[in-house]
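*Asks:* Here's a structure for you.
The values are calculated or read from the model by the stated rules, or taken from the named source; none is laboratory data. Remember, it's a predicted structure, so these values are computed and weren't measured experimentally. All Cβ positions, even for glycine, are placed from backbone atoms using ideal geometry, and neighbour counts span all protein chains on display. These area figures cover heavy atoms from the full protein model, side chains too; ligands, DNA and RNA do not enter into them. Shrake-Rupley method; radii C 1.70, N 1.55, O 1.52, S 1.80 Å.
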Amino acid sequence: MPLSTLNEEQLSAATAPMGNNLIIASAGTGKTSTIVGRIANLIKSGVDPSKIVLLTFTNKASAEMLERVGRYFPSSVVSQIESGTFHAVSYRWLKKMKKEVILKQPTELKTLFRSIYEKRQFKRLNHDTEAFSSTYLYEQYNLYQNASFDGFDIWFIEKYPEHRELIDIYMNIIDEYEETKDKFGFVSFNDLLLKMRQSLLEDKIDINEVLVDEYQDTNTLQNALIDAMNAKSLFCVGDYDQSIYAFNGANIENIATFPKRYKNASVFTLSKNYRSTASILSLANRVIEKNERIYPKKLEVTKKGKNYAPRLIVYNELFDQYQAIAKNIKNSYTPNSQIAVIFRNNASADGVEASLRELGISSKRKGGNSFFEAKEVKFLLDTLSLIVNPKDMMAFIHIFEYGRGIGTALAKEMFECFIYFGEGHLFTGVLSPRVYTLPKLNPTKNMQLGLFDDDTQIGSMSRFSALPLNEKLKSNPILKHPKITSDGVLFFKEFYDFLQSIRGVKQPKTMLLKLINSPLYENIVQTLSNQRGKLKSGEIDRDKKALAKERIVRKARLLSDLASHYKEIRRFVNAMVLGGNELSEGDGVNLLTVHASKGLEFSEVYVTDLMDGRFPNRKLMSKGGSLEEERRLFYVAVTRAKERLYLSFAKSDRVKKMDFEPSPFLYEAGLLKNLDKIR
C-alpha cells in the first residue's frame, strides 16, 4: 500500500477523517504521494470509487496520480474515479446529463465576439473615453467569469470607472454574444464550469470526497464549482506561498480563508522537504517570510550530502551575465538535463540561449519562443547564410518572401534568374549581370520562351522608370520579369544596396551591424512590429507595436554582440545556424519562465536578471500585480533547486544605456546588505 511509504505528517493527512481538510504542502514535501495515499485510504476504507472526484490543473497530473493508485488496485476500481481538469470533468458530466454542449475554441469565440462588436459604431459616439478593442473587452469578460458573480457592469466599472459612459454598449455586446451562443449551443471553457455549477445546484450528485490539487491556483468560479458539488468531504492540497497565477484569475483568498469558510476544517502541514539542501531552503524562507504568514510553517531538511551555499554573482553588463552563465554551465559536471535557467521575463532567456548555442550546448525552452526561431533573428541569419553560401536557395527565398508582392514561387524564380544572369554566380547576377536575357526555367515546354509563353510576356523595364534606381539597377534584367512589381523592385534595391555596403567587409559584427542598420532590415522590423502590434480588429495598437519593435531591436543587438567574438563570417554562421536542429533536440539545458518551472526540480538552477524592475517586475505590479506575488514567484524559482543555486544580476544594460539596482529580494535573502553599494 502507498500508505506505508508516507512519513508521519503525510500519513496523518492521508488518513484524516472525512470532512473539510486542507493540506499545506510546501515545495518538495511530497504532495503527490499524499494525494495518492489519500485515494488509496478511501478505497481501502470502503468508499465507492465512483463517488471520488480528483480535480487537477493538468490531465497529465491526474493520470500520473491514478497510475500510481493503479499499482495497488485493479483497473476496474481505479477507472471508476472521476478525474481530470475542472473543464474535462465538467464536460464529461454535462454529456452524461445529456446537456447540449458544443465546445468552441477561444479563437472561434473571439471571432464571434468581434462580429458582434463591429456592428457598434463607437467612432460616431461623442464620448471622451476611447472604447476598448474587441479583443480586450473579450478578455476582460472571460476574466470576469472566472473572478466574480456580481454583474459584469458592477465588476467592470470598479476596475475601469472612466468607461462608465460606455458600459451600456459593452453590456449590449455581451448580451448579444451570450444569446448567439445559446442559440447555437456553443460553450466556452468558462461556460463548461458555469453550466456544470448550475446543474449541480439544480440536481445534486452523491459525492463522497472531492480532492483538489494545487488548490492555491483555483479561481472564484472553480471554487464555486467545488462548493456546488456539495461533497461529504473535501481534501484540498496546496501552498499559499506558491500562488502565482493571479494574472490568470487565481484567487489566493480561496486557500487563505479555507478554515473560516468551512465548518470544523482541519489544516495539516507537510514540513519535511525532500528536494533542497538546508542553505537553499533557508534562503527561500528568509524571503517568503516577508509576506503575510497565513499558515506558519518551518520546513525540515531531510536531504543528505554536501550543502552548497547559494551564490550571488554580479556582472557589469547584461550580456556579460548571460555569457558567464553559459560558460559556468559548460564547465559544470551536472548533466544538462538537470540544469535549469529560470527567468521572470522572456527577454532574459534570449541572451542565455544564444550564448549556450555559441558554446555548442543544447537547450530546451519552455514558457517562451526560442531566440533562434524568432523571425527577426532568422532573417538576419538567413542573410548571413546566403553570403557564406550563395547557392542556399532556401535562404534567398526566406529573405525575399518579405518583399511585398513577392511570394515563394516568385522568389524561387528570381533566385534562378540571378544565377543565370551571373553565369552560375548569384551575387554577380545581382550586382553585375553578364547575361541580359531571361533564362528558360521551363525547358519541357518548347513553345515557351524562358519563364513566359512568348516574347510579349517579357515585362517592359521602362515601367519602373519613375522609381529611384541608379543606372546599373535600371539595367538589371530582373526588371524584365512580368510578375515583379514596383514594390518588389524596391525590395530588390534594398537588398542590392546592402550587398554593395558590405563589399570588402570581413568582420562578422561589422557586417551584421550594416545589415541591422540597413533599410532592408528596417523594412523587416516595420513589417514584424506591425504584425505583432495588430489587434484582432485589424487596428494597430501603438504601445503594443512599440514594445514589439523594442524586442526586435534587442534581439538584433544581442546577435551582434555574439558576432563580436568571431573573425570569420563562416565560423559565426556555423556556430549560430549549422547544428541548430541538433542543439534543439535531446536532453538540453532547461530554459524556463518561473511559471513554467512550477512543479519541476533540478540539481543546478540559475535565477537570472535579479534587478529591481525586472524581478520584481515593477511594470506588471503597476497593472494590478503586487510585491507579494513577485515574492512568491521568487520563492517558486529558488525552490526548484535541489543542490546548487546561482542568483545573478547585472549593473547596466549597454543597449538601453541604463543602470540597474539589485532586486530587493537579494537584500531579503541576506545576500546583500542595505549598506552595500553596488558600483
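*Asks:* Any idea what angle helix 167-184 forms with the longest principal axis of the chain, computed on alpha-carbon atoms, 0 to 90 degrees, nearest 10?
*Replies:* Approximately 80 degrees, to the nearest 10.
*Asks:* Could you let me know the centre-to-centre spacing of region 18-63 and region 339-403, using Cα atoms, in angstrom?
*Replies:* A separation of 43 Å, based on Cα centres.
*Asks:* Using the charge dipole of region 62-185 (Lys, Arg: +1 at Cβ; Asp, Glu: -1 at Cβ; taken about the Cα centre), state which of Val78, Phe152, Tyr170 has its Cα farthest towards the positive end.
*Replies:* Val78
*Asks:* Could you sort Lys555, Lys181 by their accessible area in this structure, using a 1.4 Å probe and putting the largest first?
*Replies:* Ranked list, largest accessible area first: Lys555, Lys181.
*Asks:* Would you work out which of Pro335, Ile116, Tyr91 lies farthest towards the positive end of the dipole of the chain, given +1 charges on the beta-carbon of Lys and Arg and -1 on that of Asp and Glu, about the Cα centre?
*Replies:* Pro335
*Asks:* Based on Cα positions only, what radius of gyration and what Dmax would you give for the chain, in angstroms?
*Replies:* Looking at the chain, its Cα Rg and Dmax stand at 30.3, 92 Å.
*Asks:* Could you pull out every residue, at least 5 positions away or on a different chain, whose amide H is within less than 5 Å of the one on Glu214? Hs are placed 1.01 Å off N in the peptide plane, and Pro or chain starts have none.
*Replies:* Val237
*Asks:* In addition: Rounded to two decimals, what is Rg over Rh for region 221-303 when you use alpha-carbon atoms and the Kirkwood radius? Numbers along the way, then the final one.
*Replies:* Details: Rg = 15.0 Å, Rh = 14.9 Å.
Radius of gyration relative to Kirkwood radius: 1.01.
*Asks:* Can you pull a Stokes-Einstein diffusion coefficient for region 458-548 at 20 °C (1.002 mPa s), Rh from Kirkwood over Cα pairs, as a whole number of µm²/s?
*Replies:* 139
*Asks:* Let me ask another. Report, in whole Å, the centroid distance computed from the Cα atoms of region 245-271 and region 476-541.
*Replies:* Here the answer is 55 Å between Cα centres.
*Asks:* How far is helix 347-358 tilted off the main Cα axis of the chain, in degrees rounded to 10, range 0 to 90?
*Replies:* In the chain, helix 347-358 runs at an angle near 60 degrees to the longest axis.
*Asks:* Quick check for you: with a 1.4 Å probe and neighbouring chains kept, what is the accessible area per residue of the chain, in Å²? Display every interim value, and only then the final one.
*Replies:* Details: 31600 Å² over 679 residues.
It amounts to 47 Å² per residue over the chain.
*Asks:* If I fit a long axis through the Cα atoms of helix 31-44 and take the longest principal axis of the Cα atoms of the chain, what angle between them do I get, 0 to 90°, rounded to 10?
*Replies:* Rounded to the nearest ten degrees, it is 50.
*Asks:* Once amide H atoms are built 1.01 Å from N in the peptide plane, which residues 5 or more positions from Lys272, or in another chain, come under 5 Å H to H?
*Replies:* So Lys272 has HN proximity to Glu300.
*Asks:* With the full set of protein chains in place, find how many percent of the accessible area of region 255-385 is carbon and sulfur; take the probe as 1.4 Å.
*Replies:* 47
*Asks:* Report the relative contact order of the chain, percent, no decimals, based on alpha-carbon pairs under 8 angstrom and at least 6 residues apart.
*Replies:* 17
*Asks:* Putting +1 on Lys and Arg Cβ atoms and -1 on Asp and Glu Cβ atoms, find which of Ile280, Ser50, Ala637 reaches farthest to the positive end of the dipole of the chain.
*Replies:* Ile280
*Asks:* Taking amide H atoms as placed 1.01 Å from N in the peptide plane, list the residues 5 or more away in sequence, or in a different chain, whose amide H sits under 5 Å from that of Glu317.
*Replies:* Amide H neighbours of Glu317, under 5 Å, 5+ apart: Lys651, Ser652.
*Asks:* Additional query: Once phi is turned into θ = phi - 60°, what whole-Hz ³J(HN,Hα) does the Karplus curve with 6.51, -1.76 and 1.60 give for every residue of region 411-421, x standing for Gly and Pro?
*Replies:* So the J values, rounded to whole Hz, are 4, 5, 5, 5, 4, 5, 5, 5, 4, 5, 4.
*Asks:* Let me have the relative contact order for region 165-289, percent, based on Cα pairs under 8 Å that are six or more residues apart.
*Replies:* Numbers: 99 pairs, mean separation 25.3, N = 125.
20 percent.
*Asks:* Per-residue accessible area for Phe57 at 1.4 Å probe radius, Å² rounded to 10?
*Replies:* We get 80 Å² for Phe57.
*Asks:* Considering only protein heavy atoms and a probe of 1.4 Å, how much of the accessible area of region 165-212 is carbon and sulfur, as a whole percent?
*Replies:* 49
*Asks:* Next question, about the same structure. Suppose we look only past 11 Å in the calculated P(r) of region 483-527. What percent of the Cα-Cα pairs does that tail hold?
*Replies:* Result: 67 percent of Cα pairs exceed 11 Å.
*Asks:* Just how large is the dipole of the chain about the Cα centre, in debye to the nearest 20, putting +1 at every Lys and Arg Cβ and -1 at every Asp and Glu Cβ?
*Replies:* 1560
*Asks:* So if I take the centroid of the Cα atoms in region 592-643 and the same for region 145-219, what is the distance between those two points in Å?
*Replies:* Cα centroid to Cα centroid, the span is 30 Å.
*Asks:* At what distance in nm do the modelled label points of Lys232 and Ser622 sit from each other, each positioned 7 Å from its Cα along Cα→Cβ?
*Replies:* About 5.6 nm, to one decimal.
*Asks:* HN-Hα J couplings of region 546-558 from phi, Karplus 6.51/-1.76/1.60, θ = phi - 60°, integer Hz, Gly and Pro as x?
*Replies:* Ordered by residue, 3J(HN,Hα) equals 4, 5, 4, 5, 4, 5, 5, 4, 5, 4, 5, 5, 5 Hz.
*Asks:* How far apart, in nanometres, would the label points at Lys514 and Lys99 be if each is projected 7 angstrom from Cα along the Cα-to-Cβ direction?
*Replies:* Result for the modelled spin labels: 6.6 nm.
*Asks:* What number, in nm² with one decimal, is the all-direction average of the projected area of the convex hull of the alpha-carbon atoms of region 1-151?
*Replies:* So the mean shadow area of the Cα hull is 13.8 nm².
*Asks:* To the nearest 500 deg cm²/dmol, what mean residue ellipticity at 222 nm is calculated for the chain from DSSP H runs of n ≥ 4 alone, each contributing -39,500 (n - 2.57), summed and divided by the residues?
*Replies:* -13500 deg cm²/dmol
*Asks:* Dipole size in debye (nearest 20) for region 321-392 around its Cα centre, Lys and Arg Cβ +1, Asp and Glu Cβ -1?
*Replies:* Its charge dipole is roughly 240 debye.
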